C-alpha cells in the first residue's frame, strides 16, 4: 500500500486550484478528503503525477440556508452533514445518507464534493441529490456553470465535470414543508458500500394523494438513477400497498445492476425492489404526520 | 494422575490487565516502530499468475532505479540457502520450499524476487520495473478437481495433488450402518477465511558483521521455533541468533507459522550488511498470510429411530493450498468428527490436497472448527429427519459427566465436561421454550424467526513431536534489588500473559501482583518453548508459572526457616514478610531473605544454591506420541466446549440476517482471570460471526484472489455485535494444576453451526437447505428461490 511518486500542491483558494489544474492538465488530480483517492493511490490503481490539495480551502466548507435552498460547500465533511441541526431539520434524508457512509474515521475526513465527484456506483449521496433535484455548482477557467444532478453522473466513476473544473457547491432546493424524506440503504455490514439504496422525498395532499415526489436509487446500474417512471407512477395517486408493490416491480424491471461480490444482478434487482418499497412506506409514514389537514 | 491443588487469589480475580494501558494510549512497541540506523527496506515481486513456469526474470532496470541497493531472484538465492524445514506428520508428502519461488510459481502472489532500497516507496517503484516472463500452466483451484486423474500437478516432484492420506476405521462400522433405522448423509463445506490480525506480519533483520550475530525482530507467535528455522536455512549457528517479538497486534494462529519472507530477510541482512525491514500490507496479508478452513466433508450418520446415534462415516477433502508446510488441520478434524456424542463406531478417509491457492495453515480453531461445524449441522439434519427437537437429540447422545475421562473412537481422551448442564442452562438463558412458541406466532405474521442450537468442542494444547513439543516453561527471578521477573517461554499477541502469569506467581509466592514483571517473546532471556497456539497458554504455560512459583516459594521458605529456626511448613508469605503462621510477630522481611540469598550465603540451608532463580516446566498431560495397535492416539490435552443457542430473523425479501440473541455457556475449566476469558470469548464469537455471515476468500477460475482488500473482504464491526448472553460453568481439567482448559478458540466455533442451524430453522417452512456458507444475503435469497422452484415442480 505504497503509492507511486507524486507532486503535492496545496491550493489556498479555488482560483489557485484552477490555475494548478490549467498548468498540469490530465496529470493532476484534486485531493478532497482523500478517502477514496488515497486508497486507490496506495493500491497504485490511481497514479496521478500531481495532487492538488483543495480540502483546506475554507471558502468551500459551509452549510447554509439561502433563498429556498440548502447550500453546501463541496469540502463540507460527512460528519458535519450528519451532525448539522439545519440538515437534520430540513433535509433529514441527507443526514441519514451521510451517517451511513463507511465508518467514523472516513466520515471525519471525507467530503460531500469528493464523494459526488468520485461517482462510485454504490455511493450514498447520488440517490439523494437525484431525489431532491440538486444543482451542482462548478467553477472552471471559462467561468461558472450549474449542472443539474440528473446530468451530473455520466458513467461509473465519471461525471459531467470538465478536467479543469471544480465542483464548489451543492444546492439542494428545500422540500415543501409538508414533505418528508428518507434514505434507506441495504448493506452487508454497517458502513459497506450499498447493495442497493433508495432516497424518497414525498408529500401528501389533504386527501392523502401523493403530491410531490422525488426518488433516487443506487444499485440500478453504473450510475445512481432518478427513478422518473416510479415518480410518475406515484404522483397524484392515493397510495396503496398494490401501488407500492408496483413501484418496486417497476424499478426492478428497469434496473441493470452490476454483478459483483455483493451479489448477482438478479439478486440486486430484488434487493433494490425491496429497499424502494420500504423507503416509500417509511416516507409515507413520515409524510402522513405532516400532511395538511 | 488427577491433580488437586488449591487455587488461591489473585488467581481467579478480575485483575486489570497490565498491558492495556500502553495499548490504549498508543505507546505499545511494534516491529514497524523500530528503525535502526542504516535500515534498508524490502519489497517483493509477486506472481501475477496462479500457476506458471518462470522463464526469466529481468531485473537490470530495477537495479538501476534510484535508491535501489539490490535485487535478488529465486534463482539467485536457491544455492545460497537451504530449503525451509517443512513441518507436518509423516503422512505429509514433503516439498522443497525456498524463500523465493524457483522455476515455478504455484499461487497468485507468491514471492519470486525481492528488491532492497533506501525506503519502501523506492523499493515498490523498483518492483514495478522487474519484468517476469511466465509460461502459464493450467490452474487447479477446486480440490476435488485436483484429485482427478489428469489434473494439473502443483508439485511435480510429489507427482500427485493428493499430498496427505489418512484412514481410520473401528471394527464393525459397516454393520452399524447396515443395522441402522436411519442413515442421514450430507456434503458440507467449510469455506476459506483469513485471520486478519490488526497488525499484519512485520519483520526486521539485523546482521552484525563485527559480532557475526543476527537479531531478528518479528511479529511472530513462535520466536524460539523461528530462531531454529533461520539457523537452518542460513546454515548459521542458532546460538548467534536472537529473535525478538515485541508487542504483536494479534495472531489468531496466522503468525505461529514461519513464512518465506520471514526467512529471507536475515539472508538479505547478512548479504548486504544492513538492517532490512519489511512490513506486510493488508493486500499482501490477504494473498500471502496463511488461510484457514476450506474442507469438504461427505458425512453420514447412522441412527436408531429414537435418535440414538450409532456411527459416523466421513470423507474429508482438505484444500491445503500450494506451498503447504503443515497438515494438522486435517488431523484436528479427522480425530474429532464424533464430537461430544457417545459414538464409538467411526470411520474416516481424509485427503490433503494441494491446489493453486494460497497456503493453508493455522487459524483460530484450525480443523476443529471445521469438525464441529460439519457435525453440528449433521446433528440438526438428523433431528429434522427424525422429527426430533434439536436439543432433545443432543441431550440423548451427549457423553455423560460420569463417563469422563472419556476416550473417543479415535483414542482422544476428553478430560471433563458437563454438556447436558451447559445446554440446559443455555436453553434457559435463551428462553428456548418461550421462543419456540413465539416462533409459531411470528410465522403467522410472515416473520421468519429461527432458533439454532450447537454444542461445540475445542481440543486444546496439541502436542506433536518437534512441532509443538508438549511442554512450556517459565523462569522466575528475584534479583538482588528485590525486583521480580518472570521469563515466559511463550510470547503473547493479546492473550494477557503479562497479567495472568503475574497472578499465578503472586498467588504462589505471596509477592504482590503489581511487583511482578513478565518478559516474553525474546529468545535471549526466555527459556525455550513452542508458539502461542492451540489455546495452550492456560493449559501448559500457566502451570509452568505455577511450578516456578512453587519452587521459588519453597526456596524462600527454606531460607526463612533456617533463620527463624522454624520448620518451613509453619511459615507463610505476606506483606513483604515471611512469618510463622501461629505467631505473626516472629517474622523476617522478604528483602532480608533476598540479601541473604545473594550476599550472605553462609546463612543458607545446607546444599542450597545461592541466588533466587528457578525454572518451572510443565508437561502436557495425557499425550500419546504414537498410535496404539488400532491406530488410536490422543494428541490434545484439554477439551473446553460451549453450548450455543442463536436466534435469528431472516428477511425473506432481502436475504439479510439479523441475530436477535446469541446465548452461550462456555466451560474452559478454572479461569485464571475471568475478565480476560470474557473478552476472549466476545472477540472469538465475533470472529465466528464474521466467518458465518460475511467473510469469504474467493478466487476466480484463473486463481486470482478476488477478495484482497477490506472493501471486498468485509469483517464485522462493533455495529454487528448482537445481543450477547455469555455465562460460564466450571468443570476443572483434573490433569493440570490450574484446572484450566484453554479459552482462545471455542467462541469462534459456535457461530457457524448455530447460525446455519438457526437460519435453516427460520426458513424451514420454505424448505430451504443450507449447505454452503457464508450466509450472505444473495445466497439466502437464491436458496429461497430454489426451494420455491422445487416445491412448485413437486
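For the reader, a short list of remarks on this structure follows.
- When the P(r) of segment B:285-396 is calculated, the portion above 17 Å amounts to 55% of the C-alpha pairs.
- The per residue volume of the convex hull around the alpha-carbon atoms of chain B is 179 Å³.
- Evaluated at q = 0.16, 0.23, 0.26 Å⁻¹, the base-10 log of the normalised Debye intensity for segment A:158-219, with identical point scatterers placed on the Cα atoms, takes the values -0.78, -0.98, -1.03.
- Kirkwood Rh in Å, taken over all unlike Cα pairs in segment A:159-293: 15.7
- A Förster distance of 30 Å, applied to the separation of the beta-carbon atoms of residue A:158 and residue B:710, puts the FRET efficiency at 0.75.
- Comparing Cα centroids, segment B:152-168 and segment A:261-293 end up 53 angstrom apart.
- For the pair residue A:44 and residue B:515, label points projected 7 Å from Cα toward Cβ lie 5.7 nm apart.
- Reported value for segment B:585-722: 367 Å³ per residue, from the convex hull of its C-alpha atoms.
- For segment B:73-149, the relative contact order works out to 23 percent when only alpha carbon pairs closer than 8 Å and six or more residues apart are counted.
- Across segment B:134-166, the residues whose backbone nitrogen lies under 16 Å from the label position 7 Å along the beta-carbon direction of residue B:55 are B:134-138.
- Most mobile of A:180, A:127, A:190 in a GNM of chain A (Cα contacts under 10 Å): A:190
- Over segment B:310-463, the reciprocal of the mean inverse Cα-Cα separation, the Kirkwood hydrodynamic radius, stands at 17.4 Å.
- Simple spin-label estimate for residue B:90 and residue A:237 in nanometres, 7 Å along Cα-Cβ: 7.7
- Share of alpha-carbon pairs per 10 Å distance bin for segment A:75-205, given as whole %: 13, 44, 34, 9, 0
- Percent breakdown of C-alpha pair distances by 5 Å bin, ordered from the shortest bin, for chain A: 1, 6, 12, 17, 18, 16, 13, 9, 5, 3, 1, 0, 0
- Chain A - mean residue ellipticity at 222 nm from DSSP helices (-39,500 (n - 2.57) per run, n ≥ 4, rounded to 500): -10000 deg cm²/dmol
- Nitroxide proxy distance, nm - points 7 Å out along Cα→Cβ at residue B:583 and residue B:700: 8.7
- Value of Rg/Rh across segment A:7-53 [Cα atoms, Kirkwood radius]: 0.97
- Size descriptors for the protein assembly as shown: radius of gyration and Dmax over Cα atoms are 32.1, 105 Å.
- Linear extension gain, residue B:730 paired with residue B:786, 0.36 nm per residue minus alpha-carbon span: 15.7 nm
- Rg and Dmax of segment A:91-168, Cα atoms only, in Å: 12.7, 38
- Segment B:534-636 - Debye-derived log10 I(q)/I(0), Cα point model, q = 0.23 Å⁻¹: -1.16
- Where a label projected 7 Å from the Cα of residue B:119 along Cα→Cβ would reach, residues of segment A:3-31 with amide N under 13 Å: A:3-8
- The Cα center of segment B:266-296 and the Cα center of segment B:576-620 differ in position by 47 Å.
- Part-to-part distance (alpha-carbon centres) for segment B:297-331 and segment B:339-399, which is given in Å: 7
- Mean separation of Cα contacts under 8 Å (6+ apart) over length of chain B, as relative contact order %: 15
- Fewest-first ranking of B:748, B:147, using other Cβ atoms within 10 Å as the exposure measure: B:147, B:748
- Computed extension gain for residue B:608 through residue B:63, at 0.36 nm per residue and net of the alpha carbon distance, reaches 189.9 nm.
Read-outs throughout are calculated quantities, based only on the coordinates presented, and are distinct from any laboratory measurement. Just so you know, these numbers come straight off a predicted model, no measurement behind them. Don't worry about glycine lacking a Cβ; one is built from the backbone with ideal geometry, like all the others, and counts go over all protein chains shown.
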